[in-house]
Amino acid sequence: MKLLTINNLEFAQKQQEIANNFAPISLNRLAETLALQSENAHLATIHFTLTGDYKRFRQPSLHLHIKSQLPVICQRCLEEMLINLDLNFDYLLSDSTINEIEANEIEANEVEGSDEIDWLEINSEMNVHELIEDELLLAMPIAPVHEGPCSSLSMQSGEKPNPFAVLKGKFK
Ligand SMILES: [Zn+2]
């Protein structure tokens, strides 16, 4: 996969936008955590929209929306499953000279209506795929499990009645 890099300051100032799909297998670190050999692997997809802006927070910012479907192994029944991650991030761009106190002040005073703001350093060659990979790695559950009960088929092995339990009752 061709590396996707942007000049993030220019991207914000020109209010550019990229939207694209790609397969998670192209992100090496993320791929290691996925069940990409599974039968659901062909359903694995990452869709993202990256939008630049300089008005909303009164300074250059990026907004990243990631919508992904990733195959993993359920840690309860060890069956494959797909997890859906729908993530939104706002980043303010700053050069590295901004110190933490300044950063907190800007955050407290100027950033309203946003739950969480991250900072990104101004970078003329920011790697977009790497940013997406980092965010997905952070958002991935450490021990993914089925949301509801695991399928009855896969639970049977763990819940088979013990045949000796029946005998025990008879000879009491
Ligand atoms: Zn399960």
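Taken together, the values in this text are just the output of simple stated rules run on the coordinates, not laboratory data. Here the structure is a predicted model, which means the values were calculated and not measured. All Cβ positions, even for glycine, are placed from backbone atoms using ideal geometry, and neighbour counts span all protein chains on display.
Provide the per-residue ³J(HN,Hα) series for region 20-31, in order, calculated from phi with Karplus coefficients 6.51, -1.76, 1.60 and θ = phi - 60°, each as a whole number of Hz, with x at glycine and proline positions.
Going residue by residue, I get 7, 10, 8, 8, x, 5, 7, 9, 4, 5, 5, 4 Hz, with x marking Gly and Pro.
Estimate the FRET efficiency between Asn40 and Thr5 by the formula 1/(1 + (r/R0)^6), using the beta-carbon distance for r and 22 Å for R0, to the nearest 0.05. Write out the running numbers ahead of the final one.
Numbers: r = 31 Å, r/R0 = 1.40.
Working from the Cβ atoms, E equals 0.10.
How do the peptides 19-31, 2-14 rank, highest first, by the average count of neighbouring beta carbon atoms within 10 Å per residue?
Details: 19-31: 14.3, 2-14: 16.2.
Going by the mean number of other Cβ atoms within 10 Å, highest first, we get 2-14, 19-31.
If you take the beta carbon distance between Gln15 and Leu78 as r and set R0 to 41 Å, what does 1/(1 + (r/R0)^6) give as a FRET efficiency, to the nearest 0.05? Intermediate results must be reported in sequence, preceding the final value.
Values: r = 47 Å, r/R0 = 1.14.
Efficiency for this residue pair is about 0.30.
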